[in-house]
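Here's the structure, in structure tokens; my notes come after.
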Amino acid sequence: LVNQNIQRYKEVINFNTFDVKAASYRSGMVAVVTHKDDEIPVESLSNGEKARLSLLLLSALLESMSQVTNSESNFLVIDEATSSFDASGIKELSALFRHLKILNQSVFIITHGDELQDVEFDGSLTITKTDMSATAEFKKE
């Protein structure tokens, strides 16, 4: 089930350069990344590729857990989601968020930039800090 969801999310976030599969061991689950039948150490991936791989695995696991538990109450919290993405990566990230929204998944994104300002969200909370205080503004989209 996890590997089926990995394949589906590879298409959503355009992570087709590599083949990715989840493998279970006694110590837990690991991602096996291959390119043309050669295993690729995750450490050798670029920061952007590692970020895509992380989101790919998180999204696939989130959907798998939702399917197994027959629950729609799962949610995903992503801190600094855009920090390792270039412009095309942010576009793919936006596609992932739209896909998760269709599946009724709740996604909470924490960011310090405005890279996601063109993405349609149900709402946003903007916190503005000053030297002595902070203000918060919630905007329902």
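Taking the dipole about the Cα centre of the range 47-125, with the C-beta of Lys and Arg at +1 and of Asp and Glu at -1, give me whichever of I102, G89, H112 is farthest to the positive side.
Looking along the dipole axis, the top candidate is I102.
Run the accessible area of the range 1-65 with a 1.4 Å probe and give the carbon-and-sulfur part as a rounded percent.
Carbon and sulfur atoms account for 51 percent of the accessible area of the range 1-65.
Considering the alpha-carbon set of the chain alone, what are its Rg and its Dmax in angstrom?
Rg and Dmax of the chain, Cα atoms, are 16.7, 56 Å.
Give me the extension gain from E11 to M132: residue separation times 0.36 nm, minus the current Cα-Cα distance, reported in nm with one decimal.
Length difference between fully extended and current span is 39.0 nm.
Over the range 67-141, with every protein chain in place, what whole percent of the accessible area is carbon and sulfur at 1.4 Å, could you tell me?
Of all accessible area on the range 67-141, carbon and sulfur atoms account for 51 percent.
Take each complete run of DSSP H in the chain, measure how far its Cα atoms stretch along the helix's own axis, and keep only those covering 18 Å or more with mean Kyte-Doolittle hydropathy at least -0.5; list them.
Length and hydropathy pass: 47-69, 87-102.
Would you kindly derive the ³J(HN,Hα) couplings of the range 17-29 from the backbone phi angles with the Karplus curve 6.51 cos²θ - 1.76 cosθ + 1.60 (θ = phi - 60°), listing them in order in whole Hz, with x for Gly and Pro?
Each residue of the range 17-29 in turn: 5, 10, 9, 10, 9, 8, 10, 9, 10, 4, 7, x, 9 Hz.
Using a probe radius of 1.4 Å on heavy atoms only, what accessible surface per residue do you get for the chain? Whole Å² is fine.
For the chain, the solvent-accessible area averages 67 Å² per residue.
Anything over 30 Å Cα to Cα? Flag those among K91/K129; K36/K101; K10/K139; K21/K91, in the order listed.
K36/K101; K10/K139
The values are calculated or read from the model by the stated rules, or taken from the named source; none is laboratory data. Note that the structure is predicted; figures quoted are calculated from it, not measured. Glycine gets a Cβ as well: all are built from the backbone with ideal geometry, and neighbour counts include every protein chain shown. All accessible areas refer to the heavy atoms of the entire protein, side chains included, with ligands and DNA or RNA removed. Shrake-Rupley method; radii C 1.70, N 1.55, O 1.52, S 1.80 Å.
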